[in-house]
Amino acid sequence: MSGRPRDCVVFLGGGAVGSYTGGMLAAAGAEVVLVDGWPEHVEAIRARGLTIAAPEGEQRVQPAAWHLGEACRLRELAPVAAFLTVKLYDTAWAAALLAQWLPADVPVVTLQNALAEEVVAQAVGWGRVLGCIGGGLDVSLRGAGVVQRSRRRHASASPVFKVGEVHGRRTPRAERIAALLDAVDRAAVTTDLWTQRWEKLCANTMSTGLSGLTGLSLREVYSREDTRRLAVRLGAEALALGAALGFEVPALFGVQASAWSEAAREDGRGAPAALDAAMAALAAQAASMVEGGMSGTLQDLLKKRPTEVDYLNGYVDREARRLGIPAPAHRAVAELIRATERGERAIGPDALALIAASPR
């Protein structure tokens, strides 16, 4: 890449989300720079290109791939935007790296799970931060230079990417970034970033931990009755916490928030129709998936890497205890994930009974 291209797009973090999103933008003709800390991944892309495997087939693209040690070269560029696609526990140093080397007028977009915007703003300033929620991507790295998506593109009428300003106003730069991402999958501008951030957190915590602890694919988690019943509990707990924190999520997977609390009741007083609706909504998620899609937690555990548990189920547990709100299923999931990280338990279906036995 020569000169100072004004239309390039930077991704700091060439993991599954960064590689897939950046790779699809490259396939659409954009100039893309992936900056990543896995040397073999960078060298594989340089040598053979990036292979994108999806239900629709495979393609190979050639984005620019840089090692982390080359991040100083960002000062030579004038990107449309820089997407932060690192693990949540790497957010602080990655944002500081962008603050150091990225031109000061380039917006930084947090394409991550959970609520990362405040950490990023501490490094680059609130005025440069936009949030981007990526829902239903279901991507994983199969190996160096190969990324896989297990869900079909355009499978849902709802946007996969929701781009929003932290102040909630609709701006030209948010519209430009959403239009850019529309080449990857459906994208739109949101004027309610924080509520939709919490909605995505709820959805993540309902499935990623169950997949990671059991070894089940995401499609299996959404298909099996036992995992869906646990997901209902997890969703109800996260929604209740969100309401206490001021995040009034109107619906989750198309089912009204109030129905999830009804569906999770086991005292005989819950509405059977609410449980049926919640279970059907979860089962519908499997329809657009192909087998083999692994949650991020399962990928991390299999690769012996730290998980994002402290920002997902662990975060819900921690905040719930702070406010005195019950979230025992999230506590059980978080504790089991940490035990698996320490090597104290193996990945397997026994985790389901342990979560189900958590006190209500």
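Applied to segment 70-86, the Karplus parametrisation 6.51 cos²θ - 1.76 cosθ + 1.60 on θ = phi - 60° returns per-residue 3J(HN,Hα) values of 9, 4, 4, 5, 4, 5, 8, 9, 9, x, 5, 6, 10, 9, 8, 10, 8 Hz, with x for Gly and Pro. Multiplying the residue separation of Asp226 and Ala144 by 0.36 nm and subtracting their alpha-carbon distance yields 26.1 nm.
Largest accessible area first, the listed residues Lys304, Lys87 line up as Lys304, Lys87 when surface is computed with a 1.4 Å probe on the assembled protein chains. If you take every DSSP beta bridge fully contained in the chain, what fraction is antiparallel? Give it as a percent rounded to 5. Of the beta bridges lying entirely in the chain, close to 40 percent run antiparallel. Each Lys or Arg adds one and each Asp or Glu takes one away; over the other residues whose Cβ falls under 14 Å from the Cβ of Val124, this sums to -2.
Membrane-span-like helices in the chain, defined purely by DSSP H runs whose alpha carbon atoms cover 18 Å or more axially and whose average Kyte-Doolittle hydropathy reaches -0.5, are 193-214, 225-245, 272-285, 328-341. The dipole here belongs to segment 251-325: it is taken about the Cα centre, uses +1 on the Cβ of Lys and Arg and -1 on the Cβ of Asp and Glu, and is about 260 debye. Taking the protein heavy atoms of segment 54-187 in the context of the full set of protein chains, the accessible area attributed to carbon and sulfur is 48 percent at 1.4 Å.
Leaving ligands, DNA and RNA out of it, rank Trp101, Trp198, Trp126, Trp38 by accessible area with a 1.4 Å probe, largest first.
Result, largest first: Trp126, Trp38, Trp101, Trp198.
Counting only heavy atoms of the protein chains and using a 1.4 Å probe, Asp36 has close to 30 Å² of accessible surface. Rg then Dmax, both in Å and based on the Cα atoms of segment 267-355: 15.6, 43. Share of carbon and sulfur in the accessible area of segment 254-360 stands at 56%, probe radius 1.4 Å. Over all Cα atoms in segment 311-360, the spread is summed up by Rg and Dmax: 11.2, 32 Å.
Simple rule: put +1 on each Lys or Arg Cβ and -1 on each Asp or Glu Cβ in segment 66-210, find the dipole, and look at Pro159, Ala81, Ala95; the Cα lying farthest toward the positive end is Pro159.
Simple rule: put +1 on each Lys or Arg Cβ and -1 on each Asp or Glu Cβ in the chain, find the dipole, and look at Ala278, Trp126, Leu241; the Cα lying farthest toward the positive end is Trp126. Other residues with beta-carbon under 10 Å from the beta-carbon of Ala329 carry, at +1 per Lys or Arg and -1 per Asp or Glu, a net charge of +1.
Only one residue of Gln196, Ala327, Trp38 has its Cα farthest out toward the positive end of the dipole of the chain, where Lys and Arg carry +1 and Asp and Glu -1 on Cβ, and that residue is Trp38. Distance between the modelled labels on Val290 and Ile325, one decimal in nanometres: 3.9 nm (7 Å Cα→Cβ projection).
Packing here is the average count of other Cβ atoms within 10 Å per residue, and on that basis the peptides 55-63, 183-191, highest first, run 183-191, 55-63. Calculated on C-alpha atoms, the gyration radius of segment 205-360 divided by its Kirkwood radius gives an Rg/Rh of 0.95. Semi-axis lengths, largest first, of the ellipsoid equivalent to segment 65-149 are 21, 17, 11 Å, with √(5λ) applied to each eigenvalue of the Cα gyration tensor. Determine the relative contact order of segment 170-327: mean sequence separation of Cα pairs under 8 Å and six or more apart, normalised by residue count, in whole percent. Relative contact order of segment 170-327: 27 percent.
So what is the orientation-averaged projected area of the chain, using the convex hull of its C-alpha atoms, in nm²?
Average projection, Cα convex hull of the chain: 16.8 nm².
Each residue was assigned an accessible area with a 1.4 Å probe, and for Asp182 the value is about 80 Å². Modelled this way, with points 7 Å down the Cα-to-C-beta line, the labels at Thr171 and Ser258 are 3.7 nm from one another. A Cβ-based charge dipole, computed about the Cα centre of segment 164-318 with Lys and Arg at +1 and Asp and Glu at -1, lands at about 340 debye. Spacing of the modelled spin labels on Cys72 and Ser158, each 7 Å from Cα toward Cβ, amounts to 4.6 nm.
If you take the alpha carbon atoms of segment 115-173 and fit the smallest convex hull around them, that volume is 141 Å³ per residue.
The share of C-alpha pairs in segment 1-66 whose separation exceeds 19 Å stands at 23 percent. Annotation: per residue accessible area for the chain equals 41 Å², rounded to a whole number [probe 1.4 Å, protein chains only]. Would you calculate a helix-derived [θ] at 222 nm for the chain, using -39,500 (n - 2.57) for each DSSP H run of n ≥ 4 and dividing by the full residue count, to the nearest 500? Helices in the chain give a 222 nm mean residue ellipticity of -13500 deg cm²/dmol. Summing Cβ point charges (Lys, Arg +1; Asp, Glu -1) relative to the Cα centre of the chain gives a dipole of roughly 240 debye. Across segment 1-111, the volume of the C-alpha convex hull divided among the residues equals 98 Å³ per residue.
The values are calculated or read from the model by the stated rules, or taken from the named source; none is laboratory data. Note that the structure is a prediction, hence the values are computed from the model and not measured. As a convention, Cβ positions derive from the backbone with ideal geometry for all residues, glycine included, and neighbour counts pool all protein chains shown. Just so you know, the surface numbers come from the protein's heavy atoms only, side chains and all, with ligands and any DNA or RNA stripped out. Shrake-Rupley method; radii C 1.70, N 1.55, O 1.52, S 1.80 Å.
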